[in-house]
1. What residue, of ARG105, ARG73, ARG111, is surrounded by 17 or more Cβ atoms within 10 Å (Cβ to Cβ), in contact (Cβ under 8 Å) with a residue 24 or more places away in the chain and of a type in the set (Lys, Arg)?
2. Does SER203 meet the test of being assigned by TED's automatic domain parsing to the domain that holds GLY126, exposed (fewer than 15 other Cβ atoms within 10 Å of the Cβ), not β-branched (Val, Ile, Thr) and not in a loop (DSSP other than H, G, I, E, B)?
3. Before we move on, is VAL55 in contact with a Ser or Thr (Cβ under 7 Å, 6 or more places away or on another chain), modelled with pLDDT under 95 and surrounded by 15 or more Cβ atoms within 10 Å (Cβ to Cβ)?
4. Looking at region 125-143 only, could you name the residues that are within 12 Å of the chain's Cα centre (by Cα) and either in a helix (DSSP H, G or I) or surrounded by fewer than 23 Cβ atoms within 10 Å (Cβ to Cβ) (or both)?
5. Determine which single condition PRO52 fails, assuming it passes every other condition in (1) in contact (Cβ under 8 Å) with a residue 24 or more places away in the chain; (2) in the same structural domain as LEU161 (by TED's automatic domain parsing).
Amino acid sequence: MRKMLACIQSEYDYPVDTEFTINVSEDGEYTIDLLQCRPLQVVRGKDSVDIPKDVPHENILLNSRGASMGLSREESLDYIVYVDPIGYYNMPYKDKITVAQMLGRINWHFRNAKKHMMLMVPGRIGTSSQELGVPTMFSDISGFDVICEMEETKAGYNPELSYGSHIFQDLVEAEILYTAVFHNSKTLGFFPEKLSRFENISSEFDESGALAEIVKVYKVSNCTLYHDINKEELLITL
């Protein structure tokens, strides 16, 4: 694979990502077939970020290792949009698209407001199967600085960012940080209930109130995100 990628990069004069298949014979011999390749967006940012130590438990929203993809950064957040996993799961199937539509309204409202936002959703973002996650288009989430997929075993939601997908390329090119919350050792601490201490302005984007218990738009303060790509650690403090 290393030789193949080096060969293609040499021809394109640019890094690439590829899609391929491996065909394995009964005796263990194999062949690799290249299906397609695309120029890969390469972005440079901070090499590292000093992540605070000994942060009081009551000030931690999320702490994880090995569950994020994106550049190192230290950033103050202005809004956190949280889609309740159980509330979303219990919605009628035909109504789930309204959640994606509301996220789109939020996204476009703040698009040029120079605000830093984080989106937290159950399962897979941008899926076409509404039982697996929220069926957004990239245009519905393009203004967010951070996208977080949350696992919820009670509802069967499992984060799964497809690294060969167009949305993956969009996240990379837009420098949007991706992270996931798993119920395993990658998640050192996750306490979404602490968001309730902040003002929820979801009614500004949902006049009917139909999604009031499902989509929360928290106007946060003193909320800082730290991500170090070298240590593969993410910390969000409140």
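1. Result: ARG73 is the single residue among ARG105, ARG73, ARG111 that is surrounded by 17 or more Cβ atoms within 10 Å (Cβ to Cβ), in contact (Cβ under 8 Å) with a residue 24 or more places away in the chain and of a type in the set (Lys, Arg).
2. Yes: the conditions hold for SER203.
3. no
4. Correct list: PHE138, SER142.
5. Among (1) in contact (Cβ under 8 Å) with a residue 24 or more places away in the chain; (2) in the same structural domain as LEU161 (by TED's automatic domain parsing), the lone unmet condition for PRO52 is (2).
So that you can scan it fast, the table gives a plain yes or no per residue for (1) basic (Lys, Arg); (2) part of a strand (DSSP E or B); (3) more than 30 Å from THR237 (Cβ to Cβ); (4) in contact with a Pro (Cβ under 6 Å, 6 or more places away or on another chain):
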| site | (1), (2), (3), (4) |
| --- | --- |
| ASP17 | no, yes, yes, no |
| THR21 | no, yes, yes, no |
| LEU34 | no, yes, yes, no |
| ARG38 | yes, yes, yes, no |
| VAL49 | no, no, no, no |
| LYS53 | yes, no, no, no |
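The values are calculated or read from the model by the stated rules, or taken from the named source; none is laboratory data. Computed from a prediction, not measured in an experiment: that's the story for all the values here. Cβ: placed from backbone, ideal geometry, glycine included. Neighbour counts: every protein chain shown.
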